[in-house]
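Report on the structure given below.
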Amino acid sequence: MIRKPPPSMLEQAASDFIRSRRGRPAARPQPSAARAVERVLRPLARRFGVGVEQLREHWTEIVGERLAKWSEPETIQRAGGINTLVVRAQGAAGAILQAESGRILERVRTFAGDRAPTRLRILQGQARKAAPKSETADQALVNPMNSASQVSEGVEQTPEARLQSALNRFEQSVKARQGS
């Protein structure tokens, strides 16, 4: 009868056999690009604070949906240790943003940390992402008057005609501004 070697010798022989016939070790996966970018950007963010793009991504959370439709952060001006957030607002949203500036700066500080802007500057004008255009009930209610005798250049007879003339001039200026 043939004797079996003790288990430890059998295991040693198997491990020697596997080691002698093993190929190259598997290639390690490439390091994550996100980790490499994070290693570079994190110290820069600590030193300079957040950028406008990060604020733009979270602008709805900072100012709320209603104001986010009519405004957007444009740039952060850094001068003499004072960071100023410049926001472009459309129409009356500028006045509302100015009134809410303390709350907005507090939320920006919560989001951005120590290097957050300490001042808010509002520029009125067309925001990059304007409100969506659609035919609304308000637009359908305004019907131009067909009577040319009532609405003439500068000589309106009735209050309704004066109102209609003012609305027509307003409409023409809006179309001229939009380039239509």
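The values are calculated or read from the model by the stated rules, or taken from the named source; none is laboratory data. Everything numeric here is computed off the predicted structure, so don't read it as measured data. Cβ atoms come from the backbone with ideal geometry, glycine included; neighbour counts cover every protein chain shown.
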| If you scan region 24-62, which residues turn out to be polar (S, T, N, Q) and either within 19 Å of the chain's Cα centre (by Cα) or modelled with pLDDT under 85 (or both)? | Q54, T60
| note | Checking L67, L44 in turn, the sole residue that is among the aliphatic types (A, V, I, L, M) and in contact (Cβ under 8 Å) with a residue 12 or more places away in the chain turns out to be L67
| request: Sort out which residues of region 71-115 are assigned to a helix (DSSP H, G or I), surrounded by fewer than 17 Cβ atoms within 10 Å (Cβ to Cβ) and touching a residue at least 60 places away in the same chain (Cβ under 8 Å), and write them in order of number. | output: F111
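Please pick out the residue among I18, I96, I76 that is of a type in the set (A, V, I, L, M), within 23 Å of the chain's Cα centre (by Cα) and farther than 19 Å from G113 by Cβ. Write out each step before concluding.
Working: I18 fails: within 23 Å of the chain's Cα centre (by Cα); I76 fails: farther than 19 Å from G113 by Cβ.
Being of a type in the set (A, V, I, L, M), within 23 Å of the chain's Cα centre (by Cα) and farther than 19 Å from G113 by Cβ holds for just one of I18, I96, I76, which is I96.
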| Among the residues of region 57-79, which ones are under 15 Å from E100 (Cβ atoms) and hydrophobic (A, V, I, L, M, F, W, C)? | W59, I62, V63, L67, A68, W70
| Would it be correct to say that G64 is on the phi > 0 side of the Ramachandran plot and surrounded by 10 or more Cβ atoms within 10 Å (Cβ to Cβ)? | yes
